[in-house]
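Below: the structure, in structure tokens.
Each reported figure results from applying straightforward, stated rules to the coordinates on display, with no laboratory input. Predicted model only: the values in this text are computed from it and were never measured. Backbone-built Cβ (ideal geometry, glycine too); neighbour counts: all protein chains shown.
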Amino acid sequence: MKILMIEDDLAIGQALLSVFQDEGHTAVWLRLAADAGARVQAEHFDAVILDLGLPDGDGGDLLGRLREADVRVPVLIISARDSLQERIRGFNLGADDYLIKPFEIPELLVRLRAIVRRSLGAQDEQLWTAGDLVLDEGRMTVTRAGTPVPLSKTEYTLLLTLMKQVNRVLTRAELERRALPHSEGQTQTLDVHIFNLRRKIGDCAIRTVRGVGYMVQSDA
């Protein structure tokens, strides 16, 4: 893999650079947001590791600009900001995963491989994954730990909508507009479908964000 690291901490940067070289990867290390924007758009990278607290700006703002420019490279945020609000913000800006500092190197490597694999799967095979939950959009099938999960057409559409935005909170209005376009005035319809989906794919697969909506997490 060719990895771009955007991290200003010298100790973390040097440690990761050494690890990636030992793993046989090519790594480019930058410490400023200003240097990273043009670089990531000009070169091909398999993944980006992004710190949020950079000397010349917020890493989240950089990520938002990249996504607005349609840069689709998988991004793993590493940050000491551990609140739920910060993590949700990171995913909503377009992060593929979020790892809280301090972290263990083996976990970072696993998460990095996972976001790259998901990216390739989504592009080449129309596979959407969250933990052991796999949705094959091409075949319109869903499996959990390799076992087929029969869903109704509406349940499938709702799950697909959530998994295409894995780790991003979708509001009730967004879900109703995208997956339940004919449910106007039926305030309980979405709740019923979410209940049925959870019963079939597991209670923990779909997370409720109180007062906002629902999300599927990458480690469902």
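Picking from 80, 42, 33, which is most flexible by a Gaussian network model of the chain using Cα springs under 10 Å? Maximum among the listed residues: 42. Per-residue ellipticity at 222 nm computed for the chain from its helices equals -13500 deg cm²/dmol, with DSSP H segments shorter than 4 residues left out and the rest contributing -39,500 (n - 2.57). Pairs of Cα atoms nearer than 8 Å and 6+ residues apart set the relative contact order; for the chain it is 13 percent. Extents of the chain, largest first, come to 54, 33, 31 Å (Cα atoms, principal axes, whole angstrom).
Database remark: amide H of residue 27 closer than 5 angstrom to the amide H of 3 (H placed geometrically; neighbours at sequence offset of 5 or more, or on other chains; Pro and chain starts carry no H). The alpha carbons of the stretch 49-166 stretch over 49, 32, 26 Å along the principal axes, in descending order. Result for the chain in a Gaussian network model with C-alpha springs under 10 Å: among 82, 96, 46, the largest mean-square fluctuation is at 82. Which residue fluctuates the most in the chain, going by a Gaussian network model with Cα springs under 10 Å, if the choices are 202, 59, 146? Its mean-square fluctuation being the largest, the pick is 146. For residue 209, nonlocal amide neighbours, meaning residues 5 or more places apart or on other chains whose placed amide H falls under 5 Å from its own, are 214, 215. Shape verdict for the stretch 127-216, please, from the Cα gyration tensor: rounded (a/c under 1.5), prolate (a/b greater than b/c) or oblate. Taking the square roots of the gyration eigenvalues as a ≥ b ≥ c, the stretch 127-216 is prolate.
What does the charge dipole of the chain about its Cα centre add up to, to the nearest 20 debye, if the Cβ of each Lys and Arg holds +1 and the Cβ of each Asp and Glu holds -1?
So the dipole magnitude of the chain works out to roughly 860 debye.
Across the stretch 1-45, Cα pairs under 8 Å and at least six residues apart give a relative contact order of 52 percent. Rg and Dmax of the stretch 11-107, both derived from C-alpha coordinates alone, stand at 12.9, 35 Å.
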